[in-house]
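Here's the structure, in structure tokens; my notes come after.
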Amino acid sequence: MKMSVIGCGYLGAVHAASMVKLGHEVVGIDVDNAKIEALAAGQSPIYEPGLPELLVESVGSGRLTFSTDPAAAKGSKVHFVAVGTPQKAGSYAADLRFVDAAVQGLLPYLSEGDLVVGKSTVPVGTAERLAKMVEPTGARLAWNPEFLREGFAVKDTISPDRLVYGLPADAGDAARAKALLDEVYAEALAANTPLVATDYATAELVKVAANAFLATKISFINAMAEISEATGADVTQLADAIGYDARIGRRFLNAGAGFGGGCLPKDIRAFSARAEELGKGEALNFLKEVDGINLRRRDRVVELVVEALGGSAYNKKVAVLGLAFKPDSDDIRDSPSLDVAVRLNGLGANVVASDPQAIANSRRMHPQLVFGTTEEALQDADAVVVVTEWKEYRELDPKTVGDMVTSKIVIDGRNCLDVAAWRDAGWKYTGMGRR
């Protein structure tokens, strides 16, 4: 099938290259000329495992091209809209300018029977509104939310754990839209991937509801970390114990510095804002506390560093290990790790921050910070704080690191280190909600 992907950022670039892998012919369209030139040369604008190789393969096949001209979409049968929906300045609501502009820009190039497919995470009600823009062209609209995990985005696109189609209300239009989407995802459907074919509103709610649930689970265990610190309990053992309950499960019950990135924080805020608009704000009031708990975890990491340094971080060298919001990513959007580095720097600490992939992005946003290699950060440090659980940090040898630092003080902001090994090597170890 011939298709277009509007928006070639994180979501769009992965989706475009993955669709070629599934056998389709794709043109990626974006307004950013530098990004388009890089992608056309097979260069990934982001760090995502597996994407560089997939881009080279897909571009080399001749079936993946890129353009800044929206007219390049003409002739495609399916048009995916994969632009960002950031948080509005001064508001919790989602900024839909880019989604609206993408659909508006497509209209002159749509033909009878085409299908516009929304991938972006949007407030419920958006698809119905956009469908009215599309219908006069003879095309129809469907909503197909993405469920990508950064670090696993290629796999999640090619072999998704489920597919959701939000289809038009008219039965005939819905059948035609479903048939086209079934062709797009033929390989996944042949592998018995679960499919939920539903209406626009449900499809829009699936993504934000999933993110809200995940955020709630993470903030729950971080709230338990607060209680554990007050009582002398160990939150990791607590999570192990309740995780054996099949109704709860152990995944995402890891206390730490909290969640970040371009999805969870802004999505739960936009969900709350939309509930207020619908007159149902009380239904999602709990998400405000979920957000509040999450932000408190950053405060707590900074507090633990200051406490470990005797009450002041001023003029003390602090090695901050990690800047991306999660490992296997260079994404620093709403990153707790970067926030911790900035806050410690603001307290007068001599911060040297390190990350395997996110230094360039961090330097652009916070040029006042000092960045270096892991070794440069550790050398003569008065304290070490691990805030992104990269494999190379989890596997640091505490004895070797102990020979590099001035003081053997480590704050494990992700509870990812071997506690016994670090303490046996003479370190003063402090975790999040741990004895």
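Determine, yes or no, whether LEU106 is under 19 Å from ALA153 (Cβ atoms) and not polar (S, T, N, Q).
No; evaluated as a whole, the condition is false for this residue.
Any residue in region 400-421 that's closer than 15 Å to LEU321 by Cβ: show its pairings with residues that are acidic (Asp, Glu) at Cβ separation under 8 Å, as long as the two are six or more apart or on different chains.
Every condition considered, the pairs that remain are MET404/GLU375; MET404/ASP380; VAL405/ASP380; VAL405/ASP382; ILE409/ASP382; ARG414/GLU389; CYS416/GLU389.
Kindly provide the set of residues from region 177-194 that are more than 30 Å from PHE325 (Cα to Cα) and either in contact with a Cys (Cβ under 9 Å, 6 or more places away or on another chain) or buried (at least 17 other Cβ atoms within 10 Å of the Cβ) (or both), ordered by number.
ALA177, LYS178, LEU180, LEU181, VAL184, TYR185
Condition test on LEU323, is it crowded, with 19+ Cβ neighbours inside 10 Å, in contact with a Ser or Thr (Cβ under 9 Å, 6 or more places away or on another chain) and part of a loop (DSSP other than H, G, I, E, B)?
Taking the combined requirement at face value, the residue satisfies it.
Among the residues of region 121-166 satisfying the criterion of being closer than 22 Å to SER76 by Cβ and of a type in the set (Gly, Ala, Ser), which is surrounded by the fewest Cβ atoms within 10 Å (Cβ to Cβ)?
Among those residues, the one meeting the criterion is GLY138.
Filter region 263-287 down to the residues that are closer than 20 Å to THR85 by Cα and exposed (fewer than 14 other Cβ atoms within 10 Å of the Cβ) and list them by number.
GLU277, LEU278
Do we find that ALA233 is buried (at least 19 other Cβ atoms within 10 Å of the Cβ) and of a type outside the set (D, E, K, R) in this structure? Don't jump to the end; show me each part of the working.
Numbers: buried (at least 19 other Cβ atoms within 10 Å of the Cβ): no; of a type outside the set (D, E, K, R): yes.
No: the conditions fail for ALA233.
Name every residue in region 17-70 that is in contact (Cβ under 8 Å) with a residue 40 or more places away in the chain and part of a strand (DSSP E or B), in order of residue number.
Within region 17-70, VAL27, ILE29, LEU64, PHE66, SER67 qualify.
Would you confirm whether any residue within region 387-404 is in contact with a strand residue (DSSP E or B) (Cβ under 6 Å, 6 or more places away or on another chain) and within 17 Å of VAL302 (Cβ to Cβ)? Steps first, answer last, please.
Looking only at region 387-404, we keep the residues that are in contact with a strand residue (DSSP E or B) (Cβ under 6 Å, 6 or more places away or on another chain), and these are 393.
Pick out the ones that are also within 17 Å of VAL302 (Cβ to Cβ) and you get none.
No; the residues of region 387-404 include none that is in contact with a strand residue (DSSP E or B) (Cβ under 6 Å, 6 or more places away or on another chain) and within 17 Å of VAL302 (Cβ to Cβ).
Does region 56-97 hold any residues that are under 30 Å from PRO123 (Cα atoms), among the basic types (Lys, Arg) and modelled with pLDDT of 95 or more, and which are they?
Let us first name the residues in region 56-97 that are under 30 Å from PRO123 (Cα atoms), namely 66-97.
Adding the requirement that they be among the basic types (Lys, Arg) leaves 74, 77, 88, 97.
Listed by number, the residues that qualify are LYS74, LYS77, ARG97.
The values are calculated or read from the model by the stated rules, or taken from the named source; none is laboratory data. Remember, it's a predicted structure, so these values are computed and weren't measured experimentally. Note that we place each Cβ from the backbone using ideal geometry, even for glycine, and neighbour counts take in every protein chain shown.
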